[in-house]
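Working notes, structure below.
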Amino acid sequence: MQREAGALAERSRLSRDIHDTLAQGFSSIVLLARGSVGVSGEGELRKVMRRIERAAGDNLAESRRIVAALAPESLSDSGLAVALRRVLADLEEAGITGRLRVERDHPRLPEEVEVALLRTAQGALANVRAHSGACTVVATLTGSTAEVRVDIVDDGVGFDPTRVDASTRDAVRGGYGLAGMRARLRELGGDLDIESARGQGCAISAHVPIAAAAQVPDTGIRPDEASVVGS
């Protein structure tokens with residue numbers, strides 16, 4: 001029974017990883033390819049093709065890391081704050097300005113905690129890109145003596161969270177969404193909070209207790225760092 005439970009947990013983890021990385025990456029490639037139809041001029045088309053090439057290359061590298069059961073490359077050396085900045089930078093291709101704020105100096109977290117928070121942010125930002133119509137999104141990395149959290153706030157069209165039942169949707173058609181995010185965080189004793197309303201944007205907060213986020217060597221990222229991604 002223990003072996004079965006372990007196998008199911010690993011399958012669930014891999015399924016979420018594939019959804020939050022490869023599926024979202026392929027979605028980006030599709031959106032870029034569709035957008036190229038309206039591009040005029042060889043120079044602009046070359047820019048789009050370079051973005052497609054970069055997205056495809058990132059997806060290929062991520063697939064190899066998943067197969068090898070490694071952490072995301074973006075986390076391997078630099079930590080969560082730098083990885084979040086890289087994810088936010090990808091929103092520029094959709095005309096969305098991304099900002100990162102680091103509000104509290106904190107050390108590196110255990111790999112599984114950083115992966116869970118990064119994957120949640122990737123899923124949330126993919127939803128912003130695909131559905132929100134937002135112009136700006138701000139991600140805030142902070143913590144306290146009790147927990148570490150990533151808050152993502154956008155100025156998009158918003159939605160009614162009470163009418164979103166992600167747990168019943170088909171993951172093959174991209175419906176892992178909120179249920180997958182919550183499941184990943186709850187495995188670490190954390191959770192996902194959502195505040196949104198029609199026409200009022202959306203705020204998502206992913207948090208994990210410090211008890212699960214035992215400290216490891218410092219990231220070198222300092223508090224009060226706020227930047228427009230890519231500037």
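Compared with the direct C-alpha span, the chain from residue 203 to residue 146 gains 18.4 nm at full extension, assuming 0.36 nm per residue. If you plug the beta carbon distance of residue 37 and residue 160 into 1/(1 + (r/R0)^6) with R0 = 41 Å, you get a FRET efficiency near 0.80. One decimal place: the segment residue 27-residue 187 gains 54.9 nm when fully extended, by the rule 0.36 nm per residue minus the C-alpha distance.
Readers should treat all values here as calculations from the given coordinates under stated rules, not as data from a laboratory. Keep in mind it's a predicted model, so treat the numbers as computed, not measured. We place every Cβ from the backbone using ideal geometry, glycine too, and count neighbours over all the protein chains shown.
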